[in-house]
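The structure under discussion appears below in the form of structure tokens.
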Amino acid sequence: MTSTSVPTCNRCNQMNRRDVTQRRLPRISTSGTGAFGFRSLPRRIRARLRSVFRSNHDQPQPRRPSYDANTGPRPLAHAFGGPEGAGLIGPGADGLLRAAFTEALTDVTSATQVVTTKADLDRLFAGAFDEPLIDSFAPRLHAAETLEDAIENIELEHCISTAIDTNDDSSTESPIYVWFATPGPDADVVHETLQGWHGTNLIAIMSGAWPYGPTHFIDTDGPRRLPDHNLNLLPRDQAIAKLRALGSQR
């Protein structure tokens, strides 16, 4: 019997709140047949794994919907987020975040999982998204106590998703995970977490400017209209080189 240990949230050690006690994630052991042993896991995690494996092997799973010009507009999370993360700023940013969050959580046509923190819910919904409402959306909604806990949740979901992909021969795709976060000074840790996710089924939308990807300015009436032509932002040196090359030809 081989044993695989779910990694602890090593990236959380880099975060500014270093006085927060880091919790070890449970160990998951696998046998040669691909079955999981749950004896050493906490009850909540055992229930989560059993439900995942039961639904994965005993019931047909919804496939990830495809969105193109012929099927209508993409969901907001797909349009404004991405695997490398994207930020939202401006007076309408929270409104777009609420719209994307609500759409992702209530979309009955997909197996979308939503990850965020209770602090983000309190900020976006002014305390109206209370514990009973959080519980009513379980298990699709994962509302962590802190950003560190949300990162641990993302890494655990990645381990579960990887294990299912390894042990399942079906062509059913994994669910989409949409992560709403406010990284603040911990943007580098959040970005490393995104880079550690293998696959394209994690979409991250950040509240605030995002240094590792696009940042969308959302006005009070919605996002500003983008130019009709392709927009390639140029670094200073690249712009100067291009101008000098063109200038020498005149």
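Some points to look at:
- Segment 78-160, accessible surface, carbon-and-sulfur percent (1.4 angstrom probe): 61 percent
- Theoretical gain in end-to-end length, A128 to T106 [0.36 nm per residue, Cα-Cα removed]: 6.2 nm
- Of all DSSP beta bridges in segment 73-211, antiparallel share, percent nearest 5: 10 percent
- Using R0 = 22 Å, the C-beta based FRET efficiency linking L243 and F217 works out to 0.25.
The values are calculated or read from the model by the stated rules, or taken from the named source; none is laboratory data. Since the model is a prediction, treat every value here as computed from it, not as a measurement. Positions of Cβ are generated from backbone atoms using ideal geometry, with glycine treated the same way; all protein chains shown enter the neighbour counts. These accessible areas exclude ligands, DNA and RNA; they are computed on the full protein's heavy atoms, side chains included. Shrake-Rupley method; radii C 1.70, N 1.55, O 1.52, S 1.80 Å.
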